[in-house]
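Comments concern the structure below.
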Amino acid sequence: MKIGVLDIQGSVEEHLESLKKLAKSGMKIEPVLVKTPETLAQVSGLIIPGGESTTIGKLLRRFGLRDLIIERAKKGMAVWGTCAGAILLAKKIIGKQQADSLELMDIAVERNAYGRQLDSFETQLEFDLGSVGRAYAGPGIPGVFIRAPKIVSVGEGVKILAQHKGEIVAARQKNLLVTNFHPELSESLEVHKYFAEMCSEKI
Amino acid sequence: MEKNTLKLKKGLAQMLKGGVIMDVVNAEQAKIAEEAGAVAVMALERVPSDIRRDGGVARMSDPKMIKEIMKAVSIPVMAKVRIGHFVEAQILESLGVDYIDESEVLTPADEKYHVNKLNYKIPFVCGARNLGEALRRIQEGAAMIRTKGEAGTGNVVEAVRHMRTMVEETAALNKMNKTALKKWAVSERVNVELVEQVQKLGRLPVVNFAAGGIATPADAALMMQLGCDGVFVGSGIFKSSDPARRAKAIVEATLHFDDAAVLAKCSEGLGEAMASLEMSKVEQKYAERGW
């Protein structure tokens with residue numbers, strides 16, 4: 001099963017590295033970079049990495065990937081957006097500038113709502129991985145938040161997977177997953193594993 | 001909960017990879033840059049080619065202008081301080097800019113010491129011509145490196161030289177045994193642990209962008225093919241005849257740096273590039289500032 005990392009800009013290598021480690025640990029996945037419609041057609045799941053949502057959104061459109069991702073996601077392809085990726089998946093974006101969102105998931109996201117770089121932070125999160133039949137029982141998952149957006153509200157059918165100080169930081173709606181932190185910047189592979197399992201589910 | 005850790009400082013630069021950071025002198029230019037797809041902007045009063053033309057002492061920009069730019073765009077905003085001018089750095093930190101560039105393009109304020117970047121909450125990017133210089137800056141706390149190149153010339157030759165030097169020196173390091181490695185570390189005034197880390201990773205432990213002289217989409221793609229993580233474009237955009245168009249083209253070229261057909265397409269009909277200089281005509285080499 002091929003899992004793709006959208007290779008436009010941002011933490012692409014970091015996600016690829018995490019997926020490679022998962023593959024090495026015995027999970028039957030093949031990590032690939034996705035930059036063209038041809039490679040997109042081959043993957044069972046797609047990670048939209050952290051980066052600048054405005055940049056990634058504009059280039060998705062300019063290079064003809066936007067509509068193809070929307071079409072595949074609507075047919076059930078698993079998509080995980082981290083940070084900028086979460087903004088791109090949201091149906092509603094609050095903030096001074098509208099990104100070129102894919103408008104797929106029933107969440108409202110506010111850009112840079114945690115503040116500027118001075119307000120970036122690291123913490124430990126409890127992550128509810130129960131929905132793929134595997135209760136997570138560890139000390140917590142590292143949460144690296146960099147100029148993070150806030151998930152201000154979620155619609156019906158969206159499951160909240162993690163919260164920090166009462167704010168939603170991870171959520172899932174069927175084949176769509178968002179985290180506004182960066183699991184790819186930590187050593188923990190738990191969220192990548194969760195997503196890989198999502199990719200093999202039939203939805 | 002922890003803030004301002006090295007992971008967070010390096011992390012922001014990681015989010016900028018594969019992107020273009022553009023020099024802008026006002027809010028209007030910052031918006032053009034953001035619209036073109038820049039991942040960040042560098043706020044400064046004069047672009048390097050104007051600093052070169054005007055001469056005199058170049059300093060940190062007016063905080064008012066920096067604040068206006070921070071307000072105008074949602075992408076990260078960087079700003080420059082003079083080498084060793086730790087008070088300019090304190091001022092930028094109080095403004096809450098996202099990254100500080102301790103830059104040789106401004107006139108150095110200290111001939112002996114760079115800013116002790118470990119003392120700051122804000123991450124720093126610094127220029128380097130070779131591996132040793134890059135590692136000295138990282139040791140002082142830099143969370144991102146860029147080649148110095150030769151800013152304000154529109155001539156990419158120095159950026160190429162600096163990037164090639166870093167790549168060659170990193171490759172040479174990989175072949176060294178422990179004794180040779182230690183000797184190299186001592187001669188370069190760098191901690192041996194940091195050098196060992198480079199040997200293990202096969203690259204710098206922080207993001208490394210190209211800067212200094214990039215004027216065309218092909219220049220940006222050249223630097224990416226040489227192994228940079230992204231590019232800074234200074235005078236190259238807003239000193240060209242059609243900034244919005246060129247900015248967009250350079251962003252696309254940086255993304256598709258290995259696809260000549262796309263590069264050909266985005267190089268088409270861009271109008272005049274910035275006025276440029278041959279190295280032999282450059283009176284003041286900014287790259288020689290810092291050590």
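Identify all residues within the stretch A:177-198 that are more than 14 Å from A:C83 (Cα to Cα) and in contact with a Phe, Trp or Tyr (Cβ under 9 Å, 6 or more places away or on another chain); write none if there are none.
Hits for the stretch A:177-198 are A:E190, A:H192, A:Y194, A:F195, A:M198.
Determine the pairs where a residue that is among the polar types (S, T, N, Q), located within the stretch B:275-288, has a partner that is assigned to a loop (DSSP other than H, G, I, E, B) with Cβ atoms under 8 Å apart, the partner being 6 or more residues away or on another chain.
So the pair list comes out as B:S276/B:T153; B:S276/B:G154; B:S276/B:N155; B:S276/B:A215.
Among the residues of the stretch B:57-87, count how many are among the basic types (K, R) and touching a strand residue (DSSP E or B) at 6+ places or on another chain (Cβ under 8 Å).
3
Of everything in the stretch B:57-96 that's surrounded by fewer than 17 Cβ atoms within 10 Å (Cβ to Cβ) and in contact with a Ser or Thr (Cβ under 8 Å, 6 or more places away or on another chain), which residue is nearest to B:K9 (Cα to Cα)?
For the stretch B:57-96, the residue satisfying everything is B:R59.
The conditions are (1) crowded, with 24+ Cβ neighbours inside 10 Å; (2) out of contact with any Lys or Arg (no Cβ under 7 Å at 6 or more places or on another chain); (3) not in a strand (DSSP E or B), and B:R146 fails exactly one of them. Which is it?
Going through the list (1) crowded, with 24+ Cβ neighbours inside 10 Å; (2) out of contact with any Lys or Arg (no Cβ under 7 Å at 6 or more places or on another chain); (3) not in a strand (DSSP E or B), B:R146 breaks only (3).
Taking interchain pairs and intrachain pairs at least six residues apart, which have beta carbon atoms under 8 angstrom, with the first residue in the stretch A:7-18 and more than 7 Å from every other protein chain (Cβ to nearest Cβ) and the second assigned to a helix (DSSP H, G or I) and of a type outside the set (A, V, I, L, M, F, W, C)?
Here the result reads A:H15/A:E184; A:H15/A:H192; A:E17/A:E184; A:S18/A:P183; A:S18/A:E184; A:S18/A:H192, each pair linking the stretch A:7-18 to a residue that is assigned to a helix (DSSP H, G or I) and of a type outside the set (A, V, I, L, M, F, W, C).
Please go through (1) at pLDDT 95 or above; (2) among the β-branched types (V, I, T); (3) part of a helix (DSSP H, G or I) for A:V178 and return the number of the only condition it doesn't satisfy.
(3)
Restricting attention to helices (runs of 4 or more DSSP H) lying wholly within the stretch B:1-68, give those where 1 or more residues are within 12 Å of another protein chain (Cβ to nearest Cβ) and over 28 Å from B:E140 (Cα atoms). Before the answer, list the steps.
Working: elements: B:6-16, B:27-36, B:48-54.
Per the criteria, B:27-36.
What helices (runs of 4 or more DSSP H) completely inside the stretch B:149-234 contain at least 2 residues that are more than 19 Å from B:R137 (Cβ to Cβ)?
B:157-174, B:178-187, B:217-225
Just checking, does the stretch B:254-274 include any residue being in a loop (DSSP other than H, G, I, E, B), at positive phi and touching an Asp or Glu at 6+ places or on another chain (Cβ under 8 Å)?
There is at least one residue in the stretch B:254-274 that is in a loop (DSSP other than H, G, I, E, B), at positive phi and touching an Asp or Glu at 6+ places or on another chain (Cβ under 8 Å).
Yes/no per residue for (1) modelled with pLDDT under 95; (2) closer than 19 Å to B:L12 by Cα; (3) buried (at least 18 other Cβ atoms within 10 Å of the Cβ); (4) within 14 Å of another protein chain (Cβ to nearest Cβ):
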{"position": "B:D98", "(1), (2), (3), (4)": "no, yes, yes, yes"}
{"position": "B:D110", "(1), (2), (3), (4)": "no, no, no, no"}
{"position": "B:N116", "(1), (2), (3), (4)": "no, no, no, no"}
{"position": "B:K121", "(1), (2), (3), (4)": "no, yes, no, yes"}
{"position": "B:E133", "(1), (2), (3), (4)": "no, no, yes, no"}
{"position": "B:R136", "(1), (2), (3), (4)": "no, no, yes, no"}
{"position": "B:Q139", "(1), (2), (3), (4)": "no, yes, no, no"}
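Based on this model, can you work out whether B:A210 counts as out of contact with any Cys (no Cβ under 8 Å at 6 or more places or on another chain), closer than 28 Å to B:K31 by Cβ, crowded, with 23+ Cβ neighbours inside 10 Å and not β-branched (V, I, T)?
Numbers: out of contact with any Cys (no Cβ under 8 Å at 6 or more places or on another chain): no; closer than 28 Å to B:K31 by Cβ: yes; crowded, with 23+ Cβ neighbours inside 10 Å: yes; not β-branched (V, I, T): yes.
The answer is no for B:A210.
Can B:T153 be described as in contact (Cβ under 8 Å) with a residue 24 or more places away in the chain, touching a helix residue (DSSP H, G or I) at 6+ places or on another chain (Cβ under 8 Å) and farther than 22 Å from B:K285 by Cβ? If you could, list the steps in order and put the result at the bottom.
Values: in contact (Cβ under 8 Å) with a residue 24 or more places away in the chain: yes; touching a helix residue (DSSP H, G or I) at 6+ places or on another chain (Cβ under 8 Å): yes; farther than 22 Å from B:K285 by Cβ: no.
Considered against the rule, which asks whether it is in contact (Cβ under 8 Å) with a residue 24 or more places away in the chain, touching a helix residue (DSSP H, G or I) at 6+ places or on another chain (Cβ under 8 Å) and farther than 22 Å from B:K285 by Cβ, B:T153 comes out as no.
Given the structure, is A:K165 touching a helix residue (DSSP H, G or I) at 6+ places or on another chain (Cβ under 8 Å), free of Cβ contacts under 8 Å to residues at least 40 places away in the same chain and closer than 15 Å to A:E126 by Cβ?
no
Return the pair list, or none, for Cβ contacts closer than 7 Å from residues in the stretch B:241-256 that are within 11 Å of B:A36 (Cβ to Cβ) and within 12 Å of chain A (Cβ to nearest Cβ) to residues that are in a helix (DSSP H, G or I) and among the hydroxyl-bearing types (S, T, Y), at least 6 apart or on different chains.
B:A249/B:S267
Among A:S131, A:S200, which is the only one that is modelled with pLDDT under 95, more than 24 Å from A:I69 (Cα to Cα), among the hydroxyl-bearing types (S, T, Y) and out of contact with any Asp or Glu (no Cβ under 8 Å at 6 or more places or on another chain)?
Values: A:S200 fails: more than 24 Å from A:I69 (Cα to Cα).
So the residue among A:S131, A:S200 that is modelled with pLDDT under 95, more than 24 Å from A:I69 (Cα to Cα), among the hydroxyl-bearing types (S, T, Y) and out of contact with any Asp or Glu (no Cβ under 8 Å at 6 or more places or on another chain) is A:S131.
I need the full set of residues from the stretch A:33-52 which are within 11 Å of chain B (Cβ to nearest Cβ) and in contact (Cβ under 8 Å) with a residue 60 or more places away in the chain, in order please.
A:P49, A:G50
Check A:G64, A:G85, A:G95 and return the single one that is surrounded by fewer than 23 Cβ atoms within 10 Å (Cβ to Cβ), within 14 Å of another protein chain (Cβ to nearest Cβ) and closer than 20 Å to B:V73 by Cα.
Being surrounded by fewer than 23 Cβ atoms within 10 Å (Cβ to Cβ), within 14 Å of another protein chain (Cβ to nearest Cβ) and closer than 20 Å to B:V73 by Cα holds for just one of A:G64, A:G85, A:G95, which is A:G95.
The values are calculated or read from the model by the stated rules, or taken from the named source; none is laboratory data. None of these values were measured; they are calculated from a predicted model. All Cβ positions, even for glycine, are placed from backbone atoms using ideal geometry, and neighbour counts span all protein chains on display.
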